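The next block holds one structure in the form of structure tokens; read it before the comments.
Taken together, the values in this text are just the output of simple stated rules run on the coordinates, not laboratory data. Everything quoted here is computed from the prediction, not taken from an experiment. Here the Cβ is made from the backbone with ideal geometry for all residues, glycine too, and neighbour counts use every protein chain on show.
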Amino acid sequence: MNENEIRDLTRRVVYPPTPDITIIPTRPRSTVRQLAPIAIIVFLLLLGLLVVEPVRAAIVDILRIGGIEIHVGETDLSQATPTFVLVGETTLKEAQAAVNFTLKYPEALGLPDVVYQQDKLVVMRWHEPDIALYQFNGEGFYKETPNIEWTEVDGSTIAAWIATPHLLWFDSGDEQEQQQVYLVEGNVLIWEEPFKTYRLETRLSREETIALAESLVEVK
């Protein structure tokens with residue numbers, strides 16, 4: 001087929017009409033709709049902060065020295081029992097035979113006026129001045145206090161000093177037993193040795209209490 005025949009053929013071809021194409025402008029997305037998911041996320045985050053902040057304000061930190069766990073933060077003293085009654089009065093000899101660690105006492109005070117022993121805990125009491133030395137191994141002792149100071153015993157052993165009214169409670173291990181929370185108004189020094197924790201409660205200054213802690217000698 002030559003060029004003239006091709007030109008003649010194209011004249012006889014019937015082409016379909018061109019369709020009517022109308023360009024419809026796209027409606028822009030609403031700015032409000034775009035921001036709505038972001039606003040919801042921000043609202044939920046703020047709501048979460050409102051819920052969490054009171055908890056953070058209540059308990060700032062949880063510390064541990066030996067067998068005593070210390071909760072530092074806001075402390076409600078109103079529901080605490082004001083008097084902690086010690087039971088299990090015994091002798092030094094019997095108390096030493098009942099525990100698996102060596103008992104000690106502040107040499108500056110002399111032998112205690114009275115001794116109490118309950119399971120793994122031994123408490124020595126002096127009436128004048130009013131001082132109590134707790135020594136035990138294991139865990140299950142808790143304190144809650146608005147503040148705490150760090151110090152040292154014997155120049156190297158880290159110790160906690162609490163000089164404000166605070167709470168004390170014990171974990172007896174019995175889930176059916178109601179937990180009793182006690183109010184402590186004296187000054188307390190807490191430190192530890194391997195496998196043993198000390199809690200010295202006095203009405204003395206920090207320096208005087210540390211001096212007593214550094215004078216511990218073994219019970220003979």
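Packing, taken as the mean count of other beta carbons within 10 Å per residue, orders the peptides 96-108, 139-151 from highest to lowest as 139-151, 96-108. Summing Lys and Arg as +1 and Asp and Glu as -1 over all other residues whose Cβ lies under 11 Å from the Cβ of residue 192 gives a net charge of +2.
Spherically averaged projected area of the convex hull of Cα atoms, segment 95-153: 5.5 nm².
Considering all C-alpha pairs of segment 55-148, those separated by over 18 Å amount to 57%. Taking Cα atoms of segment 61-218, Rg/Rh with Kirkwood Rh, to two decimals? Here Rg/Rh amounts to 0.93.
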